[in-house]
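Below is one structure, written out as structure tokens; comments come after it.
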Amino acid sequence: MALVKIALAGEGGQGVQSVAEIIAEAAYNEEKQTIYIPNFGLEQRGGVSIAFIQVSDERIGAPKFNKADVVIALSERAVGRTAHYSDENTLFVYDSGFKVDENDLPRQAKKIIGLPAIDTANKELHPRVFNIIIMGAVIGLTNIVDFEAAKKALENKLGYKFEKNPDLRELNFKALELGKQMAEESLKEGGQ
Amino acid sequence: MQQVITESKKAFMTGNETAAWAALASGADVMFGYPITPQNEIMHYWTRLAPQYGRGFLQTEDEISAGFTVCGAVQSGKKAFTATAGPGNVLMQEPFGMAEGMRLPLLAIIQQRGGPSSGTVIYSQQEVALTTFGGNGEGWRIVYSTATHQEIYDYVIKGFNTAWKYRFPTFILGDGYQAKMREPLEMYDPETRGIKMVDTYPLIGLDGSITNAEREPQHLCNIYSLEEELYDVVLKNTAEYESISPEIVEYEERQCEDAEIIILSHGVVARAADDAVKALRAQGIKAGYFRPITLRPYPEKQLRAAIARSGAKKLLIAESAYGQFYRLTRQEIYGETIPMETLFMPGVGIIDYDIISKVKSIL
Amino acid sequence: MQTVAPATPKSWYLPTKPHKFCPGCGHGIVLKALGDVIDELEIQDRTIFGCDIGCSLLSWDFFACDSTQTHHGRTTPVMVGIKRARPELITIGYMGDGGGYSIGSQHLLNAAVRNEKVTLILVNNTNYGMTGGQMAPTTLPGQKTETTPFGRDPELTGYPTKGPEFIAQLTPDSAYVARATVSKYNQLRRFIRNALRNQIEGNGFSFVEVLSTCPTNWRTNAQQTWHFLEDEMEHYFPVGELKNPFGKGGK
Ligand SMILES: Cc1ncc(C[n+]2csc(CCOP(=O)(O)OP(=O)(O)O)c2C)c(N)n1
Ligand code: SF4
Ligand SMILES: [Mg+2]
């Protein structure tokens, strides 16, 4: 597998970094080369939180990158803040429920994908699993990890919560599945 | 001492966590430190792990104190270390200077952040000058500049041994990216890899009674009444440092034999340089890769040899600072006539693309 | 009686509002009180505001006053340098408990001993906020922080520093020393006013510690935050004026 670079961005509290960590861990468990680094610094306080993930079969070079293969913006602010990580090879993903100025979207991107993740989480599942839908979408878009490996990584991370409330396991796995499907469908639609 | 890692095991963790585990596996007795980003998690992991293995920790009132408490602990015969960054590294130059002057085997892990002043809390390679030659001495320091988590693990272990074998203060020079990123590595018990941990020993508080005339009292000093006394000490230590340097020097060299351009970098930037060389070669550009692992002592002879052997037309020095590594290199290979080009990106990361573009612009 | 409307102080620098502190952080309340007092004393034009490195650094462009950022722990000597060089200026140093009582403690002690005519405001939130919640000199016994994950053990790390008590011992009677809390706004404002008046009148060293909240690193909700401040901190650190050259109840 060639190098895949993902930038995941959202507001503090949206669980951006934990999702990135689970994805990275799943890739690592599949014996892939993996690097994950959060953005950190003073601006974290109230700023947009970004996770940089790279997965490959080969040894990975620098920990950060200028352009990503997939950029996922989980908040309206994150759309503008991450636009410059896109170039003509990038899939740019944001929530279709966001009110964003067309001009803020990275027009240079290979494809701009709006996913109804927030809506789906709220209506079909639970607002809390919004980030897990996104995690599913990352997998659907990139295939960087096997679906089962992702479930296992989720289990590793949240197992202690699932023990207390087995319904949560069901809910999370369903969110993962839905996210994956959503992403796969979006790739089929009107490929450019 | 309780064994920390019984069987080699793979791990996927941050560089800071790696450093804490490596110090544990090295048999470090105690850490003294003061919070500063991006090294905080070394302390956070240490404070959680150390009590399980009977190791000590103290958060001191500042970095000056952290450095001097380490000086005290190593004088008393314990394997002690600290970790810091940026302005904390500035403050630690006083105790590091004492460690040079009194030949104290301390180990310090430096996670470089942006400077000068409070700079950024993120990343840089701007603590090269400070870590190699900070203080009012002659730079009797051993500085390993790491590039991967595996190296952080390996060189923390090696660093404790270097410090205690040669009695020069030893540094693991990392950076904020290495501190905060997660990547895979293998952790092991040094003994199972045939690495014998060098025994520590006290310089004061020795066995044997002074009053019963079993031994002489120890008197350690760092100030001299006569200029000539200090002169002799400096010459003696310098000679010793120079004589052990060949054993300590480490570097990486790849594809320099036929290189038209040698890319010189250190630390995390070397990862980008490695990728850049591969990409350039694939495009038919003969690039070579040279990376000092020890910045002090510097692999000067090896670099000169690589330049001579390759007949390269140019050297490109890439660093996340404005010329600190460049100046260090220039003084080390004084007299070489190969033109030196530079890619200075102070306080920001360098990726293969940056290096490739630079190479193409100068060839 | 009419309550005072919570108007924005005139001395605040509006382009930097809303401020960048976490929701529920006490820093904003302290800076509101300070802004009110700067307005009331009409000293905005000759005030030099200096902040430390800590969460206080986020206030470097908070006021429409000439301001300067210093290093972690070094605000006191920078303010002393300004005041010694230009006595007509009103110098306000703003720092955290780590900056003031730990790394900068020698400066605080010596400035107090010399009765330097500066005003220092120190925010006590029982931890190192900016660096992610490590132990501070003021961390309470048993309190969990990132570097005391099993709770602060006074056997190993001593008892919390009581700054105003300690400074009161070092200073002559012309100094002003007090401890305030963000839970008593009017008192906080009065103490800060006294501390500034003391400098303006050229009496001596002026120091106010303010007990403050850090819900982010305490990991507390609103109710737990106020409980910790009012029941634990205010219990351990008595609030009040320890030294007041204007006499009791001085206005
Ligand atoms: C010399 C030096 N050491 C360490 C640091 C890292 N540092 C920045 S802020 C801070 C602690 C802040 O705590 P405090 O002073 O209590 O302020 P708070 O953030 O809690 O308001 C530290 C240790 C630094 N900037 N400089
Ligand atoms: S970390 Fe604590 S002190 Fe700092 S801004 Fe947030 S709540 Fe305030
Ligand atoms: Mg504090």
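No lab work stands behind these numbers, since they all come straight from the coordinates. What you see is a predicted model; the values in this text were computed from it and never measured. No Cβ is skipped: glycine too gets one built from the backbone with ideal geometry, and neighbour counts run over all protein chains shown.
The long axis of helix B:352-362 is offset from the longest Cα principal axis of chain B by roughly 50 degrees.
Applying the criteria of a DSSP loop state and at most 16 other Cβ atoms within 10 Å to the GluC sites (Glu not before Pro) of the range B:233-269 yields B:250, B:257, B:260. Most simply put, the range C:1-95 has about 10% antiparallel DSSP beta bridges, counting only bridges with both residues inside it. Of all the options B:120, B:211, B:132, the one that moves most in a Gaussian network model of chain B with Cα springs shorter than 10 angstrom is B:211.
Farthest toward the dipole's positive end in chain A, which of A:15, A:39, A:181, given Cβ charges of +1 (Lys, Arg) and -1 (Asp, Glu) about the Cα centre? Value: A:39.
The lysines whose alpha-carbon is closer than 17 Å to the alpha-carbon of residue B:360, local same-chain residues fewer than 8 away aside, are B:278, B:286, B:313, B:314. For a 29 Å ceiling on Cα separation, which of these pairs sit above it: B:9/B:301; B:158/B:301; A:32/A:157; B:9/B:358; B:9/B:158; B:9/C:144? The pairs that break the limit, which is 29 Å between Cα atoms, are B:9/B:301; B:9/B:358; B:9/C:144. The orientation-averaged projected area of the convex hull spanned by the Cα atoms of chain A comes to 10.7 nm². Here the mean projected area of the convex hull built on the C-alpha positions of chain B is 19.8 nm². The orientation-averaged projected area of the convex hull spanned by the Cα atoms of the range B:9-193 comes to 9.2 nm². Farthest toward the positive end of the dipole of chain B, out of B:1, B:142, B:273, is the Cα of B:273, where the dipole comes from beta carbon charges about the Cα centre.
In plain terms, if you count all Cα to Cα distances in the range A:147-192 and split them into 10 Å steps from zero, the share in each step is 26, 42, 21, 10, 2 percent. Calculate how steeply helix B:40-49 sits against the longest principal axis of the alpha-carbon atoms of chain B, using the helix alpha-carbon long axis, and give the answer as 0 to 90 degrees to the nearest 10. Around 50 degrees separate the two axes.
Each Lys and Arg adds +1 at its Cβ and each Asp and Glu adds -1 at its Cβ; summed about the Cα centre, the range B:9-193 shows a dipole of about 380 debye. Paramagnetic label reach from residue B:8 (point 7 Å along Cα→Cβ; backbone nitrogen cut-off under 13 Å): within the range A:9-44, no residues. Springs join every pair of Cα atoms under 10 Å in this Gaussian network model of chain A, and among A:107, A:81, A:59 the largest mean-square fluctuation is at A:59.
Taking every Cα-Cα distance in the range C:42-151 and sorting them into 10 Å bins from zero, the calculated P(r) comes out as 16, 44, 28, 10, 2 percent.
Relative contact order for chain C: 18 percent, from Cα pairs under 8 Å spaced at least 6 residues apart, divided by residue count. Put a dot 7 Å past each Cα toward the Cβ at residue B:252 and residue B:199; how far apart are the dots in nm? Between residue B:199 and residue B:252, the label points sit 3.6 nm apart. Of the GluC sites (Glu not before Pro) found in the range C:64-161, those in coil by DSSP whose Cβ has at most 10 other Cβ atoms within 10 Å are C:88.
Among the chymotrypsin sites (Phe, Trp or Tyr not before Pro) in the range C:165-251, those placed in a DSSP loop whose Cβ has at most 16 other Cβ atoms within 10 Å are C:246.
Starting from the Cα of residue C:243, draw a straight line to each of the aspartates and glutamates and keep only those under 12 Å, dropping any in the same chain fewer than 8 residues away. Of all the aspartates and glutamates, those that pass the test against residue C:243 - Cα under 12 Å, at least 8 places apart if same chain - are C:165, C:173. Within the protein assembly as shown, antiparallel bridges make up roughly 30 percent of the DSSP beta bridges whose residues both belong there.
Each DSSP beta bridge with both residues in the range B:166-317 is either parallel or antiparallel, and the antiparallel ones are about 35%. Helix B:93-102 and the longest principal axis of the Cα set of chain B meet at an angle near 70°. Here the range C:160-251 is treated with +1 on each Lys and Arg Cβ and -1 on each Asp and Glu Cβ, and its dipole about the Cα centre works out to around 320 debye. With Cα atoms as the point set, the protein assembly as shown shows a radius of gyration and Dmax of 28.6, 93 Å.
With a simple spin-label model that places each label point 7 Å from the Cα along the Cα-to-Cβ direction, the separation between residue A:84 and residue A:110 comes to 2.3 nm.
What the Cα atoms of chain C give is an Rg and a Dmax of 16.8, 52 Å. The relative contact order of the range B:261-330 comes to 44 percent, based on Cα pairs under 8 Å that sit 6 or more residues apart. Considering only B:109, B:310, C:177, and ranking their Cα positions along the charge dipole of the protein assembly as shown that arises from unit charges at the beta-carbon of Lys, Arg, Asp and Glu, the one farthest toward the positive end is C:177. Annotation: amide H-H contacts under 5 Å for residue A:113 (H modelled 1.01 Å from N, sequence separation of 5 or more, or interchain): A:92, A:93, A:94. Helix screen, chain A: DSSP H segments with Cα axial length of 27 Å or more and mean Kyte-Doolittle hydropathy at least -1.0 are A:166-188. Compactness of the range C:140-247, taken as the C-alpha radius of gyration over 2.2 N^0.38 Å, stands at 1.21.
In this simple spin-label model, placing a label point 7 Å from the Cα along the Cα-to-Cβ direction at both residue B:207 and residue B:340 gives a separation of 5.1 nm.
Beyond 18 Å, how much of the Cα-Cα pair distribution for the range B:251-362 remains, as a whole percent? I get 41 percent for the Cα pairs in the range B:251-362 exceeding 18 Å.
Taking the Cα centre of the range C:129-185 as origin, work out the dipole magnitude from +1 charges on Lys and Arg Cβ and -1 charges on Asp and Glu Cβ, in debye rounded to 20. With only Lys, Arg, Asp and Glu charged at Cβ, the dipole is about 200 debye.
Who wins for biggest fluctuation among C:51, C:22, C:65 in a Gaussian network model of chain C, springs between alpha carbons below 10 Å? Among C:51, C:22, C:65, the largest GNM mean-square fluctuation belongs to C:22.
Peptide C:11-22 is shielded by partner chain Cβ atoms: per residue, an average of 1 of them sit within 10 Å of its Cβ.
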